[in-house]
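Novice: Quick one: the structure is below, and I'll ask about it shortly.
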Amino acid sequence: MKCVYLETTITSYLASRPSRDLVIAARQEITREWWEERRDNYALYVSQVVVDEAGDGDPEAAKRRLAVLEGVDLLETTDAAIDLAEALIDEGAVPEKAADDALHIAIATVHEMDILLTWNCKHIANADTLGSIGKLIRKRGYELPVICTPNELTGGTP
């Protein structure tokens, strides 16, 4: 069974109210379909970073996001993951303002996740940056998980 690290955007799309924005609404639906139909095919994991981010903001929305995470295994934020996240930032693979995104990548990498599932296409699932992220990860002796959206994981179309 493949191991999947769920980045915070996954819980956000699962727990949010339906959006009027067509792109966001489509992502919500794709994420919900994956969650309902395919999640049992994977071992799911999150980190404390995900829990903290899911718990931020509007209390009612945070409650819904945290409910999604019930029963999902928690990965430790190890010193190795922190060091790797710092390297991603220091070497310019991830901008400093996206430190939590660097931690998501590092935690998933250090814990040898097969897949990092996200809708964060700005700093994580970004074809322009994945090359430099992967190069740095390999240089440090790790293998980068497959980074993709639920749409890519199911083989669907937007």
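The values are calculated or read from the model by the stated rules, or taken from the named source; none is laboratory data. Since this is a predicted model, take the numbers as computed values, not measurements. With ideal geometry, Cβ positions are generated from the backbone for all residues, glycine too; neighbour counts draw on all protein chains shown.
Novice: Being in a strand (DSSP E or B) and out of contact with any helix residue (DSSP H, G or I) (no Cβ under 6 Å at 6 or more places or on another chain) is the filter; apply it to the range 1-45 and report the residue that is surrounded by the fewest Cβ atoms within 10 Å (Cβ to Cβ).
Specialist: Only one residue tops the list, namely K2.
Novice: Quick check: is even one residue across the range 125-144 in contact with a strand residue (DSSP E or B) (Cβ under 6 Å, 6 or more places away or on another chain) and in contact (Cβ under 8 Å) with a residue 24 or more places away in the chain?
Specialist: Yes; the residues of the range 125-144 include at least one that is in contact with a strand residue (DSSP E or B) (Cβ under 6 Å, 6 or more places away or on another chain) and in contact (Cβ under 8 Å) with a residue 24 or more places away in the chain.
Novice: Return yes when E60 is part of a helix (DSSP H, G or I), more than 18 Å from the chain's Cα centre (by Cα) and acidic (D, E) and no when it is not.
Specialist: yes
Novice: Another question, then. In the range 82-119, what count of residues is obtained for those that are over 20 Å from C3 (Cβ atoms) and of a type in the set (F, W, Y)?
Specialist: The qualifying residues number 0.
Novice: Pick from D58, D79: which is modelled with pLDDT of 95 or more and among the acidic types (D, E)?
Specialist: Only one candidate qualifies: D79.
Novice: Taking the range 143-158 as the region of interest, how many residues are in a helix (DSSP H, G or I), surrounded by 16 or more Cβ atoms within 10 Å (Cβ to Cβ) and either of a type in the set (D, E) or at pLDDT 95 or above (or both)?
Specialist: Of the residues in that region, 0 qualify.
Novice: Going by the structure shown, is A93 of a type outside the set (F, W, Y), in contact with a Lys or Arg (Cβ under 9 Å, 6 or more places away or on another chain) and closer than 18 Å to S12 by Cβ?
Specialist: It is false that A93 is of a type outside the set (F, W, Y), in contact with a Lys or Arg (Cβ under 9 Å, 6 or more places away or on another chain) and closer than 18 Å to S12 by Cβ.
Novice: Now, a different point. Give me the pairs: first residue in the range 27-53 and over 14 Å from Y5 (Cα atoms) and free of Cβ contacts under 8 Å to residues at least 40 places away in the same chain, second residue outside any helix (DSSP H, G or I) and not aromatic (F, W, Y), beta-carbon distance under 8 Å, and six or more apart or on different chains, which are they?
Specialist: Taking only residues 6 or more apart or on different chains, the pairs are Q28/S16; Q28/P18; Q28/S19.
Novice: Name the residue, out of L136, L103, that is surrounded by 20 or more Cβ atoms within 10 Å (Cβ to Cβ), farther than 27 Å from A26 by Cβ, in contact with an Asp or Glu (Cβ under 8 Å, 6 or more places away or on another chain) and not acidic (D, E).
Specialist: Criteria check complete, one pass: L136.
Novice: Quickly run through the range 96-142 and pick out the residues that are β-branched (V, I, T) and in a helix (DSSP H, G or I).
Specialist: I105, I107, T109, V110, T129, I133, I137
Novice: Got a sec? Which of G92, G71 is outside any helix (DSSP H, G or I) and without any contact (Cβ under 8 Å) to a residue 24 or more places away in the chain?
Specialist: G71
Novice: Only one of L22, L44, L6 is of a type outside the set (F, W, Y) and either modelled with pLDDT under 95 or farther than 27 Å from L144 by Cβ (or both); which?
Specialist: Criteria check complete, one pass: L22.
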